[in-house]
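My questions all concern the structure below.
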């Protein structure tokens, strides 16, 4: 199993540009999440999904959109990128029950200039 | 979910036990204590979790006080590879959505 795979690993955007961060998992997990981590800080939840077709906002959803058309994929869309969105983005997935362990991807480092 | 308080940083000598404390004085009866760590800005890695009994796995031990208001993560023989930020999180267990809120954590530095 590859686990949780994120692309791209690095990206530089200009202010106002848009892009999509891709996340896919091969563990058949129902739950998927997007977090962001600013330098020296903890992780903040942006959006999450409990299954295909179902998404909900986390702590910091403004400026982002998500969709969940399949169990495997959970892309994060940035519209009109702003410098405040410079961060490292982590995707994670988990089973709905059991240990509650989250499996994280390696992260996508985004810089908006 | 209950808020947690952790020291900002700690040092530990290689080969010695690392004891990382966490206060969660407002924890409720159905909230579990989870520990994750993050090495070199990689994705966080699950370590261990517990409700009220002490737990041990191949990575660490978790000691939860009887009143559940605090806990300690123990790495029995710390190595240089254990240098990381350690997050203590409390959340409702079961199928409640598994959302975890990560605070600042404790930066553990293991020194030779």
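Output the residue which, of all residues in the stretch B:1-48 that are without any contact (Cβ under 8 Å) to a residue 40 or more places away in the chain and in contact with a strand residue (DSSP E or B) (Cβ under 6 Å, 6 or more places away or on another chain), is surrounded by the most Cβ atoms within 10 Å (Cβ to Cβ).
Per the criteria, the residue is B:43.
Separate question: Can you confirm whether the stretch B:48-60 contains a residue that is away from every other protein chain (no Cβ under 12 Å), at pLDDT 95 or above and not in a loop (DSSP other than H, G, I, E, B)?
Looking for residues that are away from every other protein chain (no Cβ under 12 Å), at pLDDT 95 or above and not in a loop (DSSP other than H, G, I, E, B), one finds at least one in the stretch B:48-60, hence yes.
Look at residue A:36 and say whether it is surrounded by fewer than 20 Cβ atoms within 10 Å (Cβ to Cβ), more than 10 Å from chain B (Cβ to nearest Cβ) and either in contact (Cβ under 8 Å) with a residue 40 or more places away in the chain or touching a helix residue (DSSP H, G or I) at 6+ places or on another chain (Cβ under 9 Å) (or both).
When the stated conditions are applied, residue A:36 does not pass them.
Further question: What number of residues within the stretch A:6-22 satisfy the criterion of being in a strand (DSSP E or B), more than 11 Å from chain B (Cβ to nearest Cβ) and under 15 Å from the mean Cα position of the chain (by Cα)?
So the count comes out to 7.
Next question, about the same structure. Look through A:102, A:110, A:78 and report the one residue that is in contact with a helix residue (DSSP H, G or I) (Cβ under 8 Å, 6 or more places away or on another chain), within 14 Å of another protein chain (Cβ to nearest Cβ) and surrounded by 16 or more Cβ atoms within 10 Å (Cβ to Cβ).
The conditions single out A:110.
Are there any pairs with C-beta distances below 6 angstrom linking a residue in the stretch B:96-107 that is more than 7 Å from chain A (Cβ to nearest Cβ) to a residue that is modelled with pLDDT of 80 or more and assigned to a loop (DSSP other than H, G, I, E, B), with the two at least 6 apart or on different chains, and if so which?
Correct list of pairs: B:106/B:6; B:106/B:7.
The values are calculated or read from the model by the stated rules, or taken from the named source; none is laboratory data. Computed from a prediction, not measured in an experiment: that's the story for all the values here. All Cβ positions, glycine included, derive from the backbone under ideal geometry; neighbour counts span all protein chains shown.
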